[in-house]
Amino acid sequence: MPNTRTLYSYWRSSAAYRVRIALNLKGMDYALAPVHLVRDGGEQHHDDYRRLNPQQLVPTLVDGAHVLRESLAIIEYLEEAYPDTPRLLPRAALACARVRELAQMIACDIHPIGNLRVLQYLQRELGASDEQKHAWSQHWIKLGFDAIEAVLAARDTPGKFCEGDTPTLADCCLIPQVYNARRFGVSLSLYPNIIGIDAECAKLDAFRRAAPEAQPDAPVVT
């Protein structure tokens, strides 16, 4: 049966990065359709993509006849629609809640404030300088990581990953945010649990293949 699964992605989008990790961890085949968020005023605003995703955001997953939007919804769809693939949500209710808690701390509280369209608005409408945008991103990442580190440090049974010894939805969200932290020059020295989880994820091919620099639309470094 031919692959009919396509992920509309941008190499440096942390939301798309999450879904790439999840698809890789689940061993699912997919084609990448790059959507450049900056070139030509942003390809996400073009009519053909707007019809696919009225929010004009990435990612969008087309799975056969189904169109899915929003990274957490996409990953939970994959979890429920393909139960025979490796699980990213624990079956135990409390463990599952802990995973969703960490995922939402990142995807709902840290990420939206530092999203490209927010930074563009700060500059275009409020006159923020590049330095001010940089400071804005650092502030909200640090605030979020302070809380996440505290949650991880308080775990009753710490594992190699956010929840236990296998990667979950929480790790799919955490690693792209660590990438962003490094991109904006946030020191990770105060976050030993986050650093440790990042190191474990870096050992796995699913995370390495999902990394921004490994994407076909990533700029070529010469």
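When the range 127-164 is filtered for residues that are over 16 Å from L190 (Cβ atoms) and β-branched (V, I, T), only T157 remains.
Here W11 meets each of (1) aromatic (F, W, Y); (2) within 18 Å of P212 (Cβ to Cβ); (3) outside any loop (DSSP other than H, G, I, E, B) with one exception, condition (3).
For T6, the conditions (1) under 19 Å from A210 (Cα atoms); (2) not in a strand (DSSP E or B) are fulfilled apart from (2). Residue count for the range 147-182 under the criterion of being free of Cβ contacts under 8 Å to residues at least 40 places away in the same chain and not in a loop (DSSP other than H, G, I, E, B): the result is 3.
Looking only at residues in the range 80-105 that are in a helix (DSSP H, G or I) and in contact (Cβ under 8 Å) with a residue 40 or more places away in the chain, the one that is farthest from the chain's Cα centre (by Cα) is A95. Within the range 75-100, being surrounded by 15 or more Cβ atoms within 10 Å (Cβ to Cβ), more than 15 Å from L23 (Cβ to Cβ) and not hydrophobic (A, V, I, L, M, F, W, C) holds for P90, R98, R100. State yes or no: is G185 more than 24 Å from M28 (Cα to Cα), out of contact with any helix residue (DSSP H, G or I) (no Cβ under 8 Å at 6 or more places or on another chain) and in the same structural domain as D130 (by TED's automatic domain parsing)? It is false that G185 is more than 24 Å from M28 (Cα to Cα), out of contact with any helix residue (DSSP H, G or I) (no Cβ under 8 Å at 6 or more places or on another chain) and in the same structural domain as D130 (by TED's automatic domain parsing). Scanning the range 200-220 for residues that are closer than 8 Å to W11 by Cα and either touching a His at 6+ places or on another chain (Cβ under 7 Å) or of a type in the set (D, E, K, R) (or both) turns up E213, D217.
Just one of the listed residues (I106, I113) is assigned by TED's automatic domain parsing to the domain that holds R183, within 23 Å of L25 (Cα to Cα) and surrounded by 15 or more Cβ atoms within 10 Å (Cβ to Cβ), namely I106. Would you mention how many residues in the range 183-222 are in a helix (DSSP H, G or I), under 20 Å from L23 (Cβ atoms) and among the basic types (K, R)? Adding up the residues that qualify gives 2.
Assess whether H36 counts as being farther than 18 Å from I106 by Cβ and without any contact (Cβ under 8 Å) to a residue 12 or more places away in the chain. Against the criterion (farther than 18 Å from I106 by Cβ and without any contact (Cβ under 8 Å) to a residue 12 or more places away in the chain), H36 does not qualify. Taken residue by residue, the range 163-172 has at least one member that is in contact with a Cys (Cβ under 9 Å, 6 or more places away or on another chain) and farther than 19 Å from S14 by Cα.
Could you grab me the full set of residues in the range 18-70 that are small (G, A, S) and either part of a strand (DSSP E or B) or buried (at least 18 other Cβ atoms within 10 Å of the Cβ) (or both)?
A22, A31, A33 - these are the residues of the range 18-70 that are small (G, A, S) and either part of a strand (DSSP E or B) or buried (at least 18 other Cβ atoms within 10 Å of the Cβ) (or both).
The values are calculated or read from the model by the stated rules, or taken from the named source; none is laboratory data. Source: prediction; values computed, not measured. Because the Cβ atoms are built from the backbone with ideal geometry, glycine has one as well, and the counts that use them run over all protein chains shown.
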